[in-house]
Amino acid sequence: MTTTNGSPGRALHRTDPIPDIDLVDPDPARTAALDQVFTDLRPEHPVFWHGRKSRPGFWAVIGHAGTVQVYRDAATFSATHGMTMDSLRPDQDPASGMMVEVTDPPEHRRLRRSVGAFFADGVVTGLTPAIDQYVRKLLTEVRDRGGTVDFAEAVAAKVPTHAAGLLLGLPLDDLEWITSRTSQVFLSGQDAGTSDDLRAAAEQANGELLGYFAKLLRRGRRGDGGDSLVHRLAVGTADRDGLTTGEAVLNALNLAIGGTTTTRSALTNLTHGLTRFPQVFQALRDEPSAVPTAVEEAVRWANPVRHLARVATRDVELAGRRIRAGDPVLVWPRSANRDETVFARPHHFDIHRRPNPHIGFAAGPHSCPGTGLARVQLRAVLGHMLEIFTGVEPAGPAELLRSNFLHGYAHLPVRFTPAS
């Protein structure tokens, strides 16, 4: 135990329990082992100080209760300094006050109301038939080609981009280009050799996407760009405020990136889980009504988001640790969703798990606005998979994304067995 500022009793517990592990390192060979590391740490260190390594130190929150507290208390744990460890900065993020993910209440509520209007139940319901039809077409093509496929590229990358294209009103010819750029933004490229290369690629892809949505907005205002979401965000209605040019572009960018990358990873995680547990696939074929609870379990069991960043606005105690104002705080929802104090047999994939208070879509003010749309895609893929195939097995080594933010697979070779 250490004390600071000469004040006895201000226990900061800044001893790093994993001095030889760098949580910032995106190397899949290291990140693949983190589930066991966090399992070992959670009983005694649900919140711990992760000391300076390749980056400055931060508080790591890996327990369920602490993660929920950070998510829900936006007044104490601010999102305005960046949402990931790679974008975290001591001053405010340049997009703070304009992009919903890096803006705190009360301003956050105005942006959230405008963005959330496009994810209302009626909107998602209206998109569901088209998404369902597209998913069935993709999986039928997989069957007709013999059933062996890189699922990450052939299905998981295409479904959320198609759904985002429908939501955002994007030209179909642009979707492949958008997929290639969004896959780079969270340092998940596989071709670059170093973290510096990945960061440069991420910054370039982010800039290109910003330029793309700015161009769509200009075309929409001229009346020759169709009815894209970036244009609709800028136009107010009786129910919501119109956004400025910067706000519309940034939030459209956020929806395109967030709505594709996390769902893409969730789809690969789900399918990888089915290859590991073939009895789950058979159980779901016997009981297709369990698909909705199986989808929730997939999001819990293999949460696609590794971490999210906050900065403390005041001194606060969290799980017995004294956190000071200005300290960076990173929650690890993938670990929180396997907390033994909340989930019985947390490493077991239980398609009937109830209750299932997972936080795979976050919680509080910054809960994912696209949760309903993500569920539609996951249920459609799993449902049609069970309809068209009788089983799935590995067809080669799975390759994790090179990312410290996303947990998912860049390549997932599988072999489906077609139903007769």
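The values are calculated or read from the model by the stated rules, or taken from the named source; none is laboratory data. Being a predicted model, the structure only gives us computed values, none of them experimental. Note that we place each Cβ from the backbone using ideal geometry, even for glycine, and neighbour counts take in every protein chain shown.
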Pull up the range 132-175, narrow it to residues that are modelled with pLDDT of 95 or more and in contact with a Lys or Arg (Cβ under 7 Å, 6 or more places away or on another chain), then point me to the one that is surrounded by the most Cβ atoms within 10 Å (Cβ to Cβ). Ala156
Mind listing just one residue for me: the one in the range 100-117 that is hydrophobic (A, V, I, L, M, F, W, C) and buried (at least 21 other Cβ atoms within 10 Å of the Cβ) and, of those, nearest to Pro160 (Cα to Cα)? Val115
Any idea how many residues of the range 298-330 are of a type in the set (Val, Ile, Thr), in a strand (DSSP E or B) and in contact with a Gly (Cβ under 7 Å, 6 or more places away or on another chain)? 1
Where in the range 1-89 are the helices (runs of 4 or more DSSP H), entirely inside, with at least 2 residues that are modelled with pLDDT under 95 and either surrounded by fewer than 17 Cβ atoms within 10 Å (Cβ to Cβ) or small (Gly, Ala, Ser) (or both)? 28-31, 34-41
Anything in the range 109-138 that is of a type in the set (Val, Ile, Thr) and touching a residue at least 40 places away in the same chain (Cβ under 8 Å)? List them, or say none. Val115, Val123, Val124, Thr128, Ile131, Val135
Restricted to the range 399-412, and to residues that are more than 14 Å from Val305 (Cα to Cα) and surrounded by 20 or more Cβ atoms within 10 Å (Cβ to Cβ), which residue is modelled with the lowest pLDDT? Ala410
Selection count where residues are of a type in the set (D, E, K, R), crowded, with 21+ Cβ neighbours inside 10 Å and at pLDDT 95 or above, scope the range 299-320: 2
Filter the range 288-298 down to residues that are of a type outside the set (A, V, I, L, M, F, W, C) and touching a residue at least 24 places away in the same chain (Cβ under 8 Å) and give me whichever is surrounded by the fewest Cβ atoms within 10 Å (Cβ to Cβ). Pro288
Which numbered condition in (1) under 16 Å from Asp35 (Cα atoms); (2) out of contact with any strand residue (DSSP E or B) (no Cβ under 9 Å at 6 or more places or on another chain); (3) in contact (Cβ under 8 Å) with a residue 60 or more places away in the chain is the only one that Trp301 fails? (3)
When the range 401-420 is examined, which residues are found to be touching a residue at least 60 places away in the same chain (Cβ under 8 Å) and farther than 20 Å from Val381 by Cβ? Arg402, Ser403, Asn404, Phe405
Of the conditions (1) surrounded by 22 or more Cβ atoms within 10 Å (Cβ to Cβ); (2) more than 22 Å from Ala117 (Cβ to Cβ); (3) not aromatic (Phe, Trp, Tyr), the single one that Leu229 does not satisfy is (2)
What's the total number of residues in the range 395-416 that are in a strand (DSSP E or B), of a type outside the set (Gly, Ala, Ser), within 25 Å of the chain's Cα centre (by Cα) and under 20 Å from Leu138 (Cβ atoms)? 4
Being surrounded by 21 or more Cβ atoms within 10 Å (Cβ to Cβ), among the basic types (Lys, Arg) and either part of a strand (DSSP E or B) or at pLDDT 95 or above (or both) narrows it down to one residue among Arg338, Arg353, Arg345, Arg375; which is it? Arg338
